[in-house]
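Worksheet: one structure, shown below.
Since every read-out is calculated from the coordinates, none of them should be taken as a lab result. Just so we're clear, the structure is a prediction, and the values are computed from it rather than from any experiment. Here the Cβ positions follow ideal geometry from the backbone for every residue, glycine too, while neighbour counts run over all protein chains shown.
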Amino acid sequence: MNLKIKKLIPIAIFGGLIAIAALIQLNPPETPQRPAFSGPSMTVETQPVLPRDYQIMLQSYGTVQPRTRSMLVAQVGGQIVSINENVRDGGFFEKGDVLGQIDPRDYEADVQISLASLAEARQALAEAIARSEQARQDWERLGNEGEPSDLVLRIPQFEAAHARVDSAESALTKARLDLERTSIVAPFAGRVIRKLVDLGQVVGPNTQLAEIYATDVIEIRLPLRNRDLGFIDLPESYRYADSSAADKIDALIKSDLIDEEEWHAKLVRTEGAIDEAARQLHVIAQIGDPFGPKSEGRSPLKIGQYVTAEIDGRILPSVLVIPNTAIYQGTYVYTVEDGILRRRDIEIDWQNDSEAIVGKGLEPGADLVTTPLGQVTSGIRVSVMGTQSRGNRRNGQPSQQRPDSARPRRPEDAGGTP
C-alpha cells in the first residue's frame, strides 16, 4: 500500500504542473504599457525671418597718418641764431611763420658784392654800346659804302658786356635768394613731430631741422577683406571720369585711446595695387580739419594712433538677415514648422560680428529659433514661447501675455540699421 502511494505522488505532482501551465497559457498576465508621449519636449523662442533692405557696414582698422609730411631742411649753411618758440615736439605753427633764423650777415655781404659786380657790368655795357656807336659814325665819316661788319661795329664786345650784365644780375638774384633762405619759413600750417637742431648749432645746406606735418587733413589707410569688395562701390576713377561716387562713401572712425570718440571721414581714393604682405586692397579715408573748431571737446588725434572704422557699403534690397547667435557651426539653423523642430542648412552671403545675410536655405516668413540649443535632434516636437501673443501682434492686436520689455529685440526694434 505504501509502495502504491509513493508511485502516485510523482504522477500527481507532474499532473498539477501541467494543469498550472495550461491555466497560465489560457490567461496570460497583462503588462501595463506607458502611453506614447505626444506633447512638446522643450520650449523655444522664435522670430519670423522677413525680407528687408539692409545697409552693409564694413569693418576695418588702421593708423592715423598725415596727408602731407615733410622734413624741414636748411637750404643754406650757417649758425642758427633764433628759433620760434613753437618749434618744439607737438608745437603748432601757421603757414608763413618764421620757424628759425640762420645768421644772415655773410649773405648780406654777398648781396652787396653782387650789387657792385652788377654796377661794373652795367658800366662796361654802356661803354661797349658807346664804342659800337662811335665805330658806326667813323665808318660813315670815312665815306665807306655798304654795311659794316660786326667786328667793325664791335658787336662781339657789346654782346660780351651784355652777357656780363645778365650774369651779374643772376648772381645778385641768387645772393638775395640765399639771404631770404636764412629765414626758415613754414610752408604750410602744421605741427612739429620732432625737433632735430637747436639754438647756436651750425648747420650746412640740406641739414634736417625738424620733422613736420600739415594739420589740414589726416588720412587713415584701411584694408578691406577680399569677400567685402563686392559690397562697396570703391572710390576710384580714371582721368576725367566722374568721381562723385567718392563723395557718397562715408566712414565712421572710432578710437578708445582715452574715451569712446568718433570722427566722420570720407573715402577719397583706392590704392592702385594689392598689398603684397597682407594680400588685401586698401582704401584711404580722410578727416578734414582734425584740429579745428569742430574737434573741440574731443581728444586730438595723434599720428600713429590706432583706430577702427565702419564704412558704408551698398544697400541690399529685400534680403534675409538673421542674428549670428542663431547659426550653428556656421552652416545651419533651426526653424519651427507646425510645432516640429527642423534643421535647415544655409549659405551665408555676407556676415559681420552680429548679423548674417542668408543667401540660400531659408524661406521668407520662416520661424527662426533664437533660443540657444544644445545637442538636439531635428524632428522633435517643441512649443513656441509666446505663440498666441505673436499671433495677436501679426493680426494687429495688442499682446496681453508679455510686456514689450520681455520681447526678444530685433535690430530694427533697437533703432539699428533698417
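Out of region 124-169, which residues are within 30 Å of S114 (Cβ to Cβ) and touching a Ser or Thr at 6+ places or on another chain (Cβ under 9 Å)?
Initially, region 124-169 is screened for residues within 30 Å of S114 (Cβ to Cβ), giving 124-133, 154-169.
Selection gives R154, I155, Q157, F158, R164, S167, A168, E169.
Every condition in (1) in contact with a Ser or Thr (Cβ under 7 Å, 6 or more places away or on another chain); (2) surrounded by fewer than 18 Cβ atoms within 10 Å (Cβ to Cβ) is met by L50 except one, and the failing one is (1).
Within region 326-352, the set of residues being over 19 Å from Y54 (Cα atoms), polar (S, T, N, Q) and not in a strand (DSSP E or B) comprises Q329, T331.
Has region 130-138 got at least one residue that is among the basic types (K, R) and surrounded by 13 or more Cβ atoms within 10 Å (Cβ to Cβ)?
Restricting attention to region 130-138, the residues satisfying the condition of being among the basic types (K, R) are 131, 136.
Retained after the next criterion (residues that are surrounded by 13 or more Cβ atoms within 10 Å (Cβ to Cβ)): 131, 136.
Among the residues of region 130-138, at least one is among the basic types (K, R) and surrounded by 13 or more Cβ atoms within 10 Å (Cβ to Cβ), which makes the answer yes.
For region 58-124, the strands (runs of 3 or more DSSP E) that sit wholly inside it and include 2 or more residues that are β-branched (V, I, T) and at negative phi are 78-83, 98-102.
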